[in-house]
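Read-outs throughout are calculated quantities, based only on the coordinates presented, and are distinct from any laboratory measurement. Keep in mind that what you see is a predicted model, and the values were worked out from it rather than measured. Cβ placement follows ideal geometry from the backbone for every residue including glycine, while neighbour counts extend to all protein chains displayed.
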Amino acid sequence: MATERTFSIIKPDATRRNLTGAITAKLEEAGLRVVASRRIQMTKEQAEGFYGVHKERPFFNDLVSFMISGPVVVQVLEGENAVARNREVMGATNPANAEPGTIRKEFAESIEANSVHGSDSLENAAIEIAFFFKPEEIVG
Ligand code: UDP
């Protein structure tokens, strides 16, 4: 198995409810190491750019508004099979469909306010990491 890096966001619904530590603990318990982390207020331009792949989807405008509604924590996670492992501990997009014990099952409020983002492929992970972090900001 390969050591990978993936990209995570703790979303505004979670920072608002002071869940940064609880969510990070879940990630660490899943075998992921936080090798970069920064709390930011995303700009509208950043959110639109980051979610550009979804711009034709009906939920795009609401998603951008939600993502700039409060601070987020952007993180780089490292570990064996980090992309898949993170997706597993996150749970399904809609918390109603998420497995027990997953972050979204335990913490998400709705399909939109679902507490975390995680890259869905190694290729996207590299793009998303580079969107927010310079190489020297990642300390493995
Ligand atoms: N989303 C939404 N409504 C939907 C589907 C998705 O508001 O019907 C939001 C939700 O916050 C989700 C994000 O858009 O996390 C990106 O959607 P994607 O399908 O990529 O899900 P993810 O990879 O985050 O599970």
Condition broken by LEU77, with the remaining ones in (1) more than 12 Å from the ligand (Cβ to nearest atom); (2) surrounded by fewer than 20 Cβ atoms within 10 Å (Cβ to Cβ); (3) of a type outside the set (D, E, K, R) satisfied: (2)
So in region 84-94, with the set limited to residues that are touching a residue at least 12 places away in the same chain (Cβ under 8 Å) and in a helix (DSSP H, G or I), which one is farthest from the ligand (Cβ to nearest atom)? ARG85
Cross-chain or 6+ apart pairs with Cβ under 6 Å, region 10-28 first and within 20 Å of ILE68 (Cα to Cα), then among the charged types (D, E, K, R): ASP13/GLU109
What are the pairs with Cβ atoms under 7 angstrom where one residue, in region 111-136, is at positive phi and the other, located anywhere, is part of a helix (DSSP H, G or I)? Sequence gap at least six, or different chains. SER115/ASP13; SER115/ALA14; SER115/ILE23; SER115/ILE103; SER115/ARG104; SER115/PHE107
Per-region count, region 95-140, residues farther than 15 Å from GLN75 by Cβ, in a loop (DSSP other than H, G, I, E, B), aliphatic (A, V, I, L, M) and more than 13 Å from the chain's Cα centre (by Cα): 2
Going through region 43-70 in order, the residues found to be outside any helix (DSSP H, G or I) and more than 13 Å from the chain's Cα centre (by Cα) are THR43, LYS55, GLU56, ARG57, PRO58, PHE59, ILE68, SER69, GLY70
Given the structure, is LYS55 more than 9 Å from the ligand (Cβ to nearest atom), without any contact (Cβ under 8 Å) to a residue 60 or more places away in the chain and loosely packed, with under 13 Cβ neighbours inside 10 Å? yes
Go through (1) over 18 Å from GLU109 (Cα atoms); (2) out of contact with any Lys or Arg (no Cβ under 9 Å at 6 or more places or on another chain) for LYS26 and report which single condition fails. (1)
